Amino acid sequence: MVVGTFLPWVTGDGGSASGWDLADLSSESNDAGVYVAIAVILTGLAVAMAVAGRMLAVAIIAVVIAAFATLAAIIDIGDDEGLEFLGLRIGAGLYVILVAALVALAGSIWALAVRRR
């Protein structure tokens, strides 16, 4: 997810803008920062599960956070599809974030499914 924040989110007219560039241009919240925070949290949960074993509570929290990241990425992609009338299109960064969120969701569901008591 972190890599996706630095890749182009919007391309067109010979230029591109990453999630960090878009945050500088708008007065809205910084979506790139949210994705980085989610990635750090999910990494911490993965380390906790690896060190302490597969704990049910940690796996449930990871599923919820990864599902939120997936939903947020889908919403961001849907929001940016309206830019086509300006000659802009969605860059690879949002799709990388979506794939990373789906992988995190699949991994956390798998950890929840194979947990040991």
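The values are calculated or read from the model by the stated rules, or taken from the named source; none is laboratory data. Model, not experiment: these values are computed from the prediction. Heads up, the Cβs are rebuilt from the backbone with ideal geometry, glycines too, and the neighbour counts pull from every protein chain shown.
Of the residues making up segment 27-74, those that are exposed (fewer than 14 other Cβ atoms within 10 Å of the Cβ) and in a loop (DSSP other than H, G, I, E, B) are Ser27, Glu28, Ser29, Gly53.
You will find that of Thr70, Thr5, Thr43, the residue that is modelled with pLDDT of 85 or more and touching a Phe, Trp or Tyr at 6+ places or on another chain (Cβ under 6 Å) is Thr5 and no other. Of all the residues in segment 75-94, those that are in a helix (DSSP H, G or I), of a type outside the set (A, V, I, L, M) and modelled with pLDDT of 75 or more number 4.
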